[in-house]
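The values are calculated or read from the model by the stated rules, or taken from the named source; none is laboratory data. Worth saying up front: this structure is predicted, and the values here are computed from it rather than measured. Surface accessibility is based on the protein's heavy atoms, side chains included, excluding ligands, DNA and RNA. Shrake-Rupley method; radii C 1.70, N 1.55, O 1.52, S 1.80 Å.
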Amino acid sequence: MNGEKMPKEQLERMSITYEGEKWTVKDGTKVIVAGTQNLDPSKNPHEIDSLVTEGEGKGTTMLGIYELKEDTFKVCFDPQGKERPKEITPKEGQFAGVIKRQKK
């Protein structure tokens, strides 16, 4: 958030699961936040809108952008849904993440 990295110990416990348009973020086995998303790859940068249906920010539509390359998904969001980020590097009030597909 705001360009600050999450503590390594916390990050190691976190996971995100995607099932169709649904996503769930967990800290260990506890669901932290969940929702649905819509991707628009026709925009440059690609746009993502995520409706939070569970957890902090429930009912908010986060506006974001994304990059998807092979097994790496990079995102940047305005969690308040006020202004879509212009680049993956977050500004004040925004957060970014890099999600790597887990090998089975």
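If the segment from residue 102 to residue 51 were pulled out straight at 0.36 nm per residue, it would be longer than the present Cα-Cα gap by 16.0 nm.
Our coupling estimate for the range 55-65, obtained by passing each phi through the Karplus curve with A = 6.51, B = -1.76, C = 1.60 and θ = phi - 60°, is x, 4, x, 3, x, 8, 9, 7, 9, x, 10 Hz, Gly and Pro reported as x. Think of a 1.4 Å ball rolled over the protein heavy atoms: the chain then has 73 Å² of accessible area per residue. Please give the calculated 222 nm ellipticity per residue for the chain, where each DSSP H segment of at least 4 residues contributes -39500 (n - 2.57) and the sum is spread over every residue; nearest 500 deg cm²/dmol? Theoretical 222 nm ellipticity from helices: -1500 deg cm²/dmol.
Residues whose amide H comes within less than 5 Å of that of residue 81, counting only those at least five positions distant or on another chain, are 63 (H built at 1.01 Å from N in the peptide plane). In the range 10-50, Cα pairs under 8 Å separated by at least six residues give a relative contact order of 26 percent. Here the accessible area of the chain is 49 percent carbon and sulfur, with a 1.4 angstrom probe and all protein chains present.
Once P(r) over Cα pairs in 5 Å bins from 0, in percent is calculated for the structure shown, the corresponding label among (1) 2, 10, 14, 19, 17, 13, 10, 7, 4, 2, 1; (2) 2, 10, 9, 10, 7, 6, 6, 5, 5, 4, 4, 4, 4, 4, 3, 3, 3, 3, 3, 2, 2, 1, 1, 0; (3) 3, 12, 21, 28, 23, 10, 2, 0 turns out to be (3). With 27 Å as the limit, the listed pairs 8/82; 82/103; 74/103 have 8/82; 82/103 beyond it between alpha carbons.
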